[in-house]
Amino acid sequence: MKVILYGTTAERDELTEALAALPDCSYRNIQIAGYSDYDGFIAGLGESPPECVVVTMNGAEGMEGVIAARDLWKNVPVIWFSDDNGFGVQSYRLGCAYFHKKPISAGILSAAIAKCV
């Protein structure tokens, strides 16, 4: 399972650890590519299609990440976590598989990943 994470370094590290601990992921070979800058994220998106994209950047930067992922890989599920519930409507318009306001708990992450696997 290839997952692309776009978020701060701290959030990426936290999510990487949490993903490995999820029951849905424990039996899978998970390859995680993490990016904290937009240009690196765009380059990483172009390599090969992931099974899932997780965006944790806040505000417009997170929205731009979601838009880029949806434009490049229309059939790849996108999970979006933001500090602003107001982006929930935008996530629906962009076709995200899952949106939730931060903080991210293990239960929330498990529900989000279940939409992708």
Per residue accessible area in Å² of the chain, where ligands, DNA and RNA are left out and the probe is 1.4 Å: 49
ILE67/ALA10 FRET efficiency (R0 35 Å; Cβ-Cβ; nearest 0.05): 0.90
Burial order of peptide ranges 32-39, 6-13 (average beta-carbon count within 10 Å, highest first): 6-13, 32-39
Mean Cβ count within 10 Å, highest first, over the residues of peptides 73-83, 48-58: 48-58, 73-83
Cα-based shape type of segment 61-117, given that a ≥ b ≥ c are square roots of the gyration tensor eigenvalues and the cut on a/c is 1.5: oblate
Cα gyration tensor shape for segment 1-50, rounded if a/c is under 1.5, else prolate or oblate: oblate
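Take the solvent-accessible surface of the protein heavy atoms, probe 1.4 Å, and return the percent of it on the chain that carbon and sulfur atoms account for. Please list the in-between numbers first.
Details: 3010 of 5760 Å².
Answer for the chain is 52 percent, counting heavy atoms of protein chains only.
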Of the DSSP H helices in the chain, those whose Cα atoms cover at least 15 Å axially and whose Kyte score averages 0.0 or more: 59-72
Spatial extent of the chain: Rg and Dmax, with the Cα atoms as the point set, Å: 12.6, 35
Unpartnered cysteines - no second Cys beta carbon under 4.7 Å - across the chain: CYS25, CYS96
Lysine pair number, Cα distance threshold 22 Å (strictly under), the chain, separation 8 or more or different chains: 5
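The values are calculated or read from the model by the stated rules, or taken from the named source; none is laboratory data. In this text, all values refer to a predicted model and were calculated from it rather than measured experimentally. Glycine gets a Cβ as well: all are built from the backbone with ideal geometry, and neighbour counts include every protein chain shown. For accessibility, only protein heavy atoms count, side chains too; no ligands or nucleic acids. Shrake-Rupley method; radii C 1.70, N 1.55, O 1.52, S 1.80 Å.
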